[in-house]
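The values are calculated or read from the model by the stated rules, or taken from the named source; none is laboratory data. Fair warning: this is a prediction, and the values are worked out from it, not measured in the lab. Here the Cβ is made from the backbone with ideal geometry for all residues, glycine too, and neighbour counts use every protein chain on show.
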Amino acid sequence: MNITVYLGTGGVGKTSVAAASALAKARAGHKCLVLTIDPARRLRTALGLRGDALEQRVELDPPASGELWAAQLDVRETLDEAVRVHGDPKLRQRILAHQIYATIADSLAGMQELMAVERIDQIARRGFEHIVVDTAPSRHALEFLDKPESFALLADSNWVKLVGRTYKFVEATGMLSLGRATIDIYRKLETILGANLVRQVLDFYSIFVAVAEGYGARARKTVAMLRDPAITEFRVVTTPGKALRDARYFSDELESRKFRAGAFYVNRVWRLDPGAAPDEGLAAEVLEWYRDVSGSHAGALRDLEAGFGARVNRIVSVPELERDVDGLAELELIANTIGS
Ligand SMILES: Nc1ncnc2c1ncn2[C@@H]1O[C@H](COP(=O)(O)OP(=O)(O)OP(=O)(O)O)[C@@H](O)[C@H]1O
Ligand SMILES: [Mg+2]
């Protein structure tokens with residue numbers, strides 16, 4: 001199984017390039033899924049999808065022998081699935097119906113990045129050969145690498161385990177057998193939160209602790225896959241004008257987290273050959289301007305190659321299309337030039 005993660009600043013074409021490379025993989029006969037972590041619905045437009053389903057198969061004209069699926073990350077659904085798959089079968093319904101669970105799930109609703117590694121694990125278990133991850137613009141993208149690790153640490157923490165175990169102990173033996181200090185802590189908590197809520201929280205932890213501990217273990221395994229260059233490639237999407245700046249920023253950010261940028265995709269490169277130009281008039285001026293821009297794009301690619309070529313596996317130039325990337329026809333055009 002392989003994972004490709006697309007990163008980049010806002011609007012550079014991450015979703016378009018991610019969807020195009022996934023299409024190329026499906027055309028090559030693989031079972032492939034593009035997961036968008038971005039709450040915006042751009043992936044659906046890029047793939048020309050209709051309907052509201054969080055996950056759908058994209059219909060491809062023959063001769064595609066592979067499969068292409070598109071999925072939008074949904075925190076609540078991912079959490080529910082974790083409970084269904086990893087929770088104790090006897091406790092699943094109690095967990096899902098628990099009031100504290102609803103509160104936790106609601107408070108996590110905006111944290112797409114937190115659930116992304118859990119979702120990747122769920123997809124990997126379903127036999128997809130390629131998972132393409134389309135991230136949100138840069139400000140959040142790297143949180144996708146940071147948050148799961150910190151959350152895994154929290155879920156693994158002795159504190160969570162302790163609460164779970166203490167509760168079981170309290171339940172089995174009664175409060176009175178606890179030490180005075182522990183009773184004091186519970187009393188204080190009860191004064192602040194109310195006895196009912198404290199009991200609910202403890203009750204919830206006692207049934208949820210196995211899912212939370214499992215999350216920690218799964219997140220660590222997924223992050224290890226993301227760190228393994230034989231499995232995962234990080235691709236930075238940029239545009240000619242920002243190529244050097246973005247290359248430096250993302251290489252540094254990835255390296256500081258012990259990940260490595262595998263490839264740079266320079267999107268929206270002008271390279272139509274305008275052919276013979278008339279000598280004068282507006283047409284000549286337009287062509288002159290077009291040549292200037294194309295020349296500066298070629299220069300940006302050369303500079304990127306000189307500055308960063310040795311640090312990545314590939315630098316790929318993605319052409320500017322004549323229209324927006326709003327369906328499979330445009331994706332095919334990109335896929336035909338960049339491959340998978
Ligand atoms: N090669 C291209 N040629 C022409 N238009 C393009 C190309 N690549 C992207 N676009 C257009 O640029 C816009 C942004 O593309 P896209 O949504 O893929 O970027 P993004 O980096 O995913 O954006 P965001 O940061 O908002 O998630 C879209 O309107 C898309 O149609
Ligand atoms: Mg996008």
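What to note about this one:
- Residues located in region 306-336, provided they are polar (S, T, N, Q) and out of contact with any strand residue (DSSP E or B) (no Cβ under 6 Å at 6 or more places or on another chain): Asn336
- In this structure, Ala102 does satisfy being modelled with pLDDT under 90, over 23 Å from Asp326 (Cα atoms) and either away from ligand 1 (no atom under 15 Å from the Cβ) or under 16 Å from the mean Cα position of the chain (by Cα) (or both).
- First in region 18-30 and free of Cβ contacts under 8 Å to residues at least 60 places away in the same chain, second anywhere and buried (at least 24 other Cβ atoms within 10 Å of the Cβ), Cβ under 9 Å, 6 or more apart: Ala26/Cys32; Ala26/Leu68
- Lone unmet requirement of (1) out of contact with any helix residue (DSSP H, G or I) (no Cβ under 7 Å at 6 or more places or on another chain); (2) within 16 Å of ligand 1 (Cβ to nearest atom) for Ser16: (1)
- The helices (runs of 4 or more DSSP H) falling completely within region 240-340 that include 1 or more residues that are among the hydrophobic types (A, V, I, L, M, F, W, C), at pLDDT below 95 and within 30 Å of the chain's Cα centre (by Cα) map to 243-256, 328-338.
- Flag for Gly8 being within 13 Å of ligand 1 (Cβ to nearest atom), on the phi > 0 side of the Ramachandran plot and either touching a residue at least 12 places away in the same chain (Cβ under 8 Å) or among the aromatic types (Phe, Trp, Tyr) (or both): yes
- Restricting region 24-52 to residues that are within 16 Å of ligand 1 (Cβ to nearest atom) and of a type in the set (Lys, Arg), the residue that is farthest from Phe144 (Cα to Cα) is Arg44.
- Entry remark, region 133-149: residues being over 22 Å from Lys258 (Cβ atoms) and either assigned to a helix (DSSP H, G or I) or modelled with pLDDT of 80 or more (or both) number 1 in total.
- Where a residue in region 39-58 is on the phi < 0 side of the Ramachandran plot and its partner, wherever it lies, is in a helix (DSSP H, G or I) and within 11 Å of ligand 2 (Cβ to nearest atom), with Cβ under 6 Å and at least six apart: Arg42/Thr15; Leu43/Thr15; Ala46/Thr15; Ala46/Ser16; Ala46/Ala19; Leu47/Ala19
- Residue ID - nearest to ligand 2 (Cβ to nearest atom), chosen from residues in region 40-67 that are among the charged types (D, E, K, R) and within 18 Å of the chain's Cα centre (by Cα): Arg42
- In region 1-39, residue farthest from the chain's Cα centre (by Cα) [restricted to those that are more than 9 Å from ligand 2 (Cβ to nearest atom), modelled with pLDDT of 95 or more and hydroxyl-bearing (Ser, Thr, Tyr)]: Ser21
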